[in-house]
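The values are calculated or read from the model by the stated rules, or taken from the named source; none is laboratory data. What you are looking at is a predicted structure, and each value in this text was computed from that prediction instead of being measured. All Cβ positions, glycine included, derive from the backbone under ideal geometry; neighbour counts span all protein chains shown. In case anyone asks, the SASA skips ligands and DNA or RNA and just uses the protein heavy atoms, side chains included. Shrake-Rupley method; radii C 1.70, N 1.55, O 1.52, S 1.80 Å.
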Amino acid sequence: MSLAPLQIAVLGVIGLLGAGFYGLLAGRNLIKIVVALQVLVKGALLGLVAAGSVKGQVALGESLAVTVIVADTIVAVMGIALGVQIRRRVGTLDVKELSKLRG
Amino acid sequence: MTVLLLVALAVVFAFLAIRARRLITSALWLAGVSALCALVFSLYGARQVAVIELSVGAGLVTVLFVFAISVAGDEPLAGRPVLPRPLSAGLVLLWMLVLGGMLLPGLPIPPAVPPDRAGLAEVLWGPRGLDALLQVVVIFAGVLGLLGLLAESGAPLDGAVAREVAAGRERDLQALTEQLQDGEAVPE
């Protein structure tokens with residue numbers, strides 16, 4: 001059985017999104033959650049590029065992917081910076097502990 | 001076949017990145033996912049995005065992760081996760097099965113379409129020019145936010161604390177002046 005490029009991409013998208021969602025559900029470390037978000041976005045990127053390629057509109061898929069990469073990088077940078085500041089001020093990166101903060 | 005292998009490896013790397021106990025290992029697996037995704041993009045014909053993904057995803061973001069981990073520490077957290085792991089894994093597996101069952105059987109296999117001649121730059125600065133400008137705004141906003149977050153924000157002292165610090169400095173200065181007047185050696 002041979003798979004078409006679109007089917008392979010859909011399988012990859014489902015796998016990457018699954019890994020990302022699992023990381024979001026099971027992760028407790030703030031930086032690990034940013035890693036899970038990154039994995040999720042890789043799945044979205046794969047879907048965009050594959051869709052553009054299969055429909056013959058590679059450049060459109062690429063331009064959408066570039067937008068996603070920019071937004072994703074900003075999200076990662078802000079998440080990492082937040083994590084560093086929270087570690088400095090609160091002393092932990094555990095979201096379970098951080099959710100107990102008040103005031 | 002090559003694409004299937006690369007995609008499968010990327011998914012395995014992604015799960016390893018999520019499951020890794022140490023953050024630095026997780027960041028390195030994530031860089032592997034980015035590199036494999038870049039290869040897949042290249043095979044799908046999106047070479048410019050492949051280069052961007054390789055340099056930004058596998059390069060810049062990994063460096064940032066390593067920097068953050070070196071600052072914040074890499075101690076594994078003790079205790080249980082918010083949701084029990086088997087429950088999380090079961091939910092995600094169920095979601096993947098449902099999504100795969102809905103998408104894959106009815107997925108049309110489109111005929112091979114010749115690629116359009118428009119390049120990335122033409123599309124990015126033409127029909128999607130507004131998006132490109134918004135991306136520039138987002139980048140600037142992100143950089144400003146990052147600078148604000150990473151700034152060493154020493155809260156301005158006021159009230160009793162400020163007076164106490166000022167009085168301490170005044171005392172030190174007074175003692176130093178007296179030592180100089182007495183001709184004593186000033187301590188380093």
So, in the range B:1-47, of the ones that are open to solvent by less than 50 Å² (accessible area, probe 1.4 Å) and among the hydroxyl-bearing types (Ser, Thr, Tyr), which residue ends up farthest from the other protein chains (Cβ to nearest Cβ)? B:42
Which one of A:42, A:32 is closer than 19 Å to residue B:71 by Cα, of a type in the set (D, E, K, R) and within 7 Å of chain B (Cβ to nearest Cβ)? A:32
Looking at the range A:15-29 only, could you name the residues that are within 7 Å of chain B (Cβ to nearest Cβ), open to solvent by 10 Å² or more (accessible area, probe 1.4 Å) and under 25 Å from residue B:106 (Cα atoms)? A:21
Which ones in the range B:99-146 are more than 25 Å from residue A:55 (Cα to Cα), hydrophobic (A, V, I, L, M, F, W, C) and modelled with pLDDT of 80 or more? B:133, B:134, B:136, B:137, B:138, B:139, B:140, B:141, B:143, B:144
Among the residues of the range B:48-56, are any open to solvent by less than 60 Å² (accessible area, probe 1.4 Å), under 27 Å from residue A:93 (Cα atoms) and without any contact (Cβ under 8 Å) to a residue 60 or more places away in the chain? yes
Give B:88, B:34 a once-over and let me know the one that is of a type in the set (Ser, Thr, Tyr), in contact with a Pro (Cβ under 8 Å, 6 or more places away or on another chain) and either within 16 Å of residue A:33 (Cα to Cα) or without any contact (Cβ under 8 Å) to a residue 40 or more places away in the chain (or both). B:88
Could you please let me know if residue A:4 is at negative phi, within 7 Å of chain B (Cβ to nearest Cβ) and open to solvent by less than 10 Å² (accessible area, probe 1.4 Å)? no
Residue satisfying all of: in the range A:50-78; closer than 21 Å to residue A:25 by Cα and surrounded by fewer than 19 Cβ atoms within 10 Å (Cβ to Cβ); nearest to the other protein chains (Cβ to nearest Cβ) among these: A:78
Just need a number here: residues in the range B:57-79 that are in contact (Cβ under 8 Å) with a residue 12 or more places away in the chain and open to solvent by 50 Å² or more (accessible area, probe 1.4 Å). 2
